[in-house]
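This report concerns only the one structure given below.
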Amino acid sequence: MKVLVIQIKMIGDVLASTVICETIKEQNPNCEIHYLIQKNSFAVVENNPCIDKVIFFEEEKYKGFKGFIQLGKEFKQENYSAIIDAYGKLQSIIPSYLSNIKTRIATKKWYTDLLFTETVIPDTECEGTANAFRLLLVKTFLKKKWI
């Protein structure tokens with residue numbers, strides 16, 4: 001099984017979203033985890049044993065709708081079992097949808113129900129913490145009975 005985790009912006013968010021990778025690896029050590037980030041965030045994930053491959057989101061390469069289509073094709077070529085989008089902006093939502101990956105998990109927004117197979121609403125378990133919300137994304141993924 002191969003999973004793509006997406007957290008494109010902000011170094012702190014990239015670091016916080018590693019909890020998704022770590023939790024999946026803890027539950028299934030054989031799962032291959034790819035992490036889509038911006039190049040300037042690489043230092044916070046470099047040598048993380050729970051991330052098998054880091055993919056850099058290049059703003060210029062994936063600019064505009066043509067760029068979104070290209071990124072979606074690249075996701076599809078990787079043959080991911082699932083995409084977990086912790087970022088939830090157009091730069092990741094559209095390519096995730098266009099990839100046609102069977103399982104696509106993201107934050108619930110008014111438009112994400114149309115584009116993702118599973119959406120997550122932060123609930124009282126989150127208590128406003130970023131990590132608790134990210135763990136809800138993982139919990140949704142793990143409920144798919146992958147393990």
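Assorted remarks:
- Only Lys, Arg (+1) and Asp, Glu (-1) charged, at Cβ; the chain dipole about Cα centre in debye: 480
- Among beta bridges that DSSP assigns inside the chain, antiparallel share in %, nearest 5: 0
- Accessible carbon and sulfur surface of the chain relative to its total accessible area, %, 1.4 Å: 53
- Entries in 39/76; 63/109; 63/108; 2/73; 109/143 that, when Cα-Cα distance is taken, lie over 19 Å: 39/76; 63/109; 63/108; 109/143
- Fraction of the pair-distance distribution of segment 1-110 above 19 Å, Cα-Cα pairs, percent: 39
- Surface accessible to a 1.4 Å probe, per residue, for the residues of the chain, Å²: 53
- Shape call, segment 32-80: gyration tensor on alpha carbons, a/c limit 1.5: oblate
- Figure note: 46, 118 ranked by solvent-accessible area, largest first, 1.4 Å probe, ligands and nucleic acids not counted: 46, 118.
- GNM result for the chain, Cα springs below 10 Å: residue of 69, 83, 121 fluctuating most strongly: 121
The values are calculated or read from the model by the stated rules, or taken from the named source; none is laboratory data. None of these values were measured; they are calculated from a predicted model. Neighbour counts run over all protein chains shown; Cβ positions are idealised from the backbone, glycine included. Heavy atoms of the whole protein, side chains included, go into the accessibility calculation; ligands, DNA and RNA do not. Shrake-Rupley method; radii C 1.70, N 1.55, O 1.52, S 1.80 Å.
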